[in-house]
Each structure stands twice: as C-alpha cells, then as structure tokens.
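Here is the structure we will look at, set down as structure tokens.
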Amino acid sequence: MYRFITACALVCATGLGLGGAAQAQGTPQVKAAYHVNTDVNTVPAILNNIRNHLAADPKAKIVVVTHGPGINFLLQDAKDGQGREFSGAVSDLTGKGVEFRVCNNTLVTRNISPDRVLMEAKIVPSGVAEVARLQAVEGFAYLKP
Amino acid sequence: MYRFITACALVCATGLGLGGAAQAQGTPQVKAAYHVNTDVNTVPAILNNIRNHLAADPKAKIVVVTHGPGINFLLQDAKDGQGREFSGAVSDLTGKGVEFRVCNNTLVTRNISPDRVLMEAKIVPSGVAEVARLQAVEGFAYLKP
Amino acid sequence: MYRFITACALVCATGLGLGGAAQAQGTPQVKAAYHVNTDVNTVPAILNNIRNHLAADPKAKIVVVTHGPGINFLLQDAKDGQGREFSGAVSDLTGKGVEFRVCNNTLVTRNISPDRVLMEAKIVPSGVAEVARLQAVEGFAYLKP
C-alpha cells in the first residue's frame, strides 16, 4: 500500500513540477524570434540589436526568420550600404548560437536558387508559418526590429 | 481504500495532463494574429503572406486585426494599386477560415459608418486591445507583417 | 493512512490548480509590451493607441519599451510635430499605470546622459532583451505599433 501511495505522491509531485515549471525556474532561457522582412539597409541595425541582446542576456536563444526582402542579406555577396559583406557578421553570430532561416516561398517566387543562400542559413517552407510555429510550439518571444 | 487511491491517481493524472498539455500535444493547432495598421499599398503582400502561411500549415487559425489605416482594405469598394477590389480576396480567405477584425475606435475617430465595413469583417471595440487579448487570453502567436 | 491520502489529495489539487491557472481565471489581467523604436513623428499615434487600449481594457498592464530613435520622446524637452512637449502625455499615462523603459545601450551609443531621460521612465540595460524578457518570463503580449 505504501508503494502505491508513494507512487501517487511522485506523480503528484511531477504534475506539480510541470504545472509550475515556467514560474518556478529561476532564470529560464529566453528564446526570441526576430522577424525580418525588410531590405539590407535595415539589417546592420538589426544585427546590432541582436549583439546587444546577447550582451545583455548571453544565454538567450535567438532565431532570425526572414522572408520577402528580408532574405537579401543572407544571399552570397550581399553587402550593406558601406559595401561590407554581411557574411562575416552572419558567421560571427552563428558562432554565438544565433540561427538564420530563409523562406522557401520567397526563393521560389523570386526565382532565386537555394545555392545562393549562405551556408549558415537554413531554408524553411514558409517564413511566416515558421515565425508563428516558433511562438506557438517552441515558446519563443517575438520581436519585429 | 483502493477507490480512494484510484480517485487520487485520476486527479493526479488530470493535473499532469493539464500541466503538460502544451508540450504533450503532437501537433497543436497554431493560432496567429496578424496585426495590420498600414495602408492598402501594403496589403497585397500581407494577404499573400497569409496564403503562404495556410499553404504551409493548413490547420493554422489566422485572425487579422486592423486599426488606423490598416482598416482601409476592409471598406467597401477598397482597391489595391492595380485597381483590383480587395473584397474578392477577403471573401476567399474567409472561406478558408481566416477572420478579419476592424477597430471601432478607428471608425469613430475617422467618422466612418460601420455600414461601409465588408460583411466578412467583425468590428471590435479596440484593435490594439484585441491584438493583446488574442495573445494573452486565447494563446495566439503574433505577426506584424 | 487517511492522513497520507488526504495529504496526497491536497498535493494533487494544488498541482491541478497550478496547471490550470491560466485557463481557469475568468478575466486575467492582460499585460502588453509596446515595442517602440521609431522617431517622435510616430509617437502621438502610439500614445493614442495606448489610451484606446486602456479605454477598452482599463485593467491592462502596459509597458512601453524603447530603443534607438524610439527613446527620443522620453528625453526632456522632446516635442511632437505640433511643438507640444511629450512630458505631459507621458506623465498622464504613468498616472494610469503605464510604464516607460529606455535602452541603456542606446544612451551609451548616442552619448546621451541618463539625466536627460524623463524621470517617469526607467533605464534598462537593453531594450530588445527587455522586450523578449517581458514576453518569455513575465507573460506579456507583444505589440509593434
């Protein structure tokens, strides 16, 4: 009988733990999806936002989801207004755990070969569906920079 | 005694189920609020985003909440830059389960009769309060397209 | 034995309560983070959005997080396009429970003394990290007005 009660108590405790998990953790990892659908001229400031985010919260998990003109900085040879390639900055941030995702609908609509996408970036079927999925299924916060 | 323990175990299991529901469901329905407060020139791309979203995730529930200039495409006879009426596209998307909501504060401030709003759209007291409510109370993800 | 079972039932009930808390509350307080990184010309409409939000949902908790050009209206003597100072409107909204936060990274980068920030606003290390933290840790909804 005691074994039954002990087992039940364990299940209770587990239920309690799951129910209160978000509240009970001292410093849970913050996960944030950056939604980018604006052209290269807006991207240096966005990458700077991400660097500042990581400086303030080094444990944060950041995923940058791009579609429309937002994918442009993740194409090979893409440059900012000062003629500097984005690939170095993207590679640096990838090394810090940031992930970059590119919308396949945009590639198809604009007839861009997947070969032109930087190897650090991952292609997803739909940028907007990915932004929603990260929030709804994986618990990501959202930022439109 | 066994009945007591069984009852307790059932309550435990129920507690566990509720606590872990978000994590445990295999493929929960993703709900997404699209926040639109920009004028008609931005809307064809937004409606295309929604079509792509549904193509990638046909089970997704999408609610478009509009205020300010964002309500304009939901007024009768509203046209895009090529002179095409929005009503057909709105009707098509409504048929696929998309909902459209219009901010009553905007109608009042701009002195627009509710009669001018497309019948597919629902009027809500405040667009911004609705966007927040959908996230906080109904578990919607957020997108600013 | 009954005491053991009663204790277990209590733990069960507690677990159940925690697990279902978000669903069970009749009208939970909605918390909303407004993310502002645009200059003063956009701010009168944003403050109006917040007033409308509170009119529709007087219990809502609203926190305005600013960075980049978004901090400008929270500096002393900042004026809108009609030459009206923002400080009165900020003070009014603060009196209704709205909080304003300013990104310290922006202050440092732009070499702005913290003394110039309105006393109603609180300085946070990073605006973007704060926006993500409010959502992930404190359960805030997100709005990009």
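The figures follow:
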read-out	value
Pairwise burial A:B, computed as accessible area of each alone minus the pair, summed, 1.4 Å, Å²	1800 Å²
Using a 7 Å Cα-to-Cβ projection, B:MET119 label spacings across copies, nm, ascending	5.9, 5.9
10 Å Cβ neighbours from other chains, averaged over peptide C:86-99	0
√(5λ) per eigenvalue of the Cα gyration tensor, region B:18-118, largest first, Å	29, 17, 11
In sequence order, calculated HN-Hα J values of region A:114-120 (Karplus, 6.51, -1.76, 1.60; Hz; x Gly/Pro)	x, 4, 7, 6, 3, 5, 6
Residues with amide H under 5 Å from that of A:TYR142, placed H, sequence gap 5 or more	A:ALA33
Phi-based couplings in Hz for region C:78-91 (Karplus 6.51, -1.76, 1.60; Gly and Pro marked x)	5, 10, 8, x, 8, x, 8, 5, 7, 4, x, 5, 5, 5
Ascending list, in nanometres, of distances separating the A:VAL137 label from those of the other copies (7 Å, Cα toward Cβ)	2.8, 2.8
Percent accessible area from carbon and sulfur atoms, region B:27-145, protein chains only, probe 1.4 Å	49 percent
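The values are calculated or read from the model by the stated rules, or taken from the named source; none is laboratory data. Because the structure is a prediction, the values reported are computed rather than measured. Cβ: placed from backbone, ideal geometry, glycine included. Neighbour counts: every protein chain shown. Ligands, DNA and RNA are stripped out before the accessible areas are found, and what is left, the full protein with its side chains, is counted by its heavy atoms. Shrake-Rupley method; radii C 1.70, N 1.55, O 1.52, S 1.80 Å.
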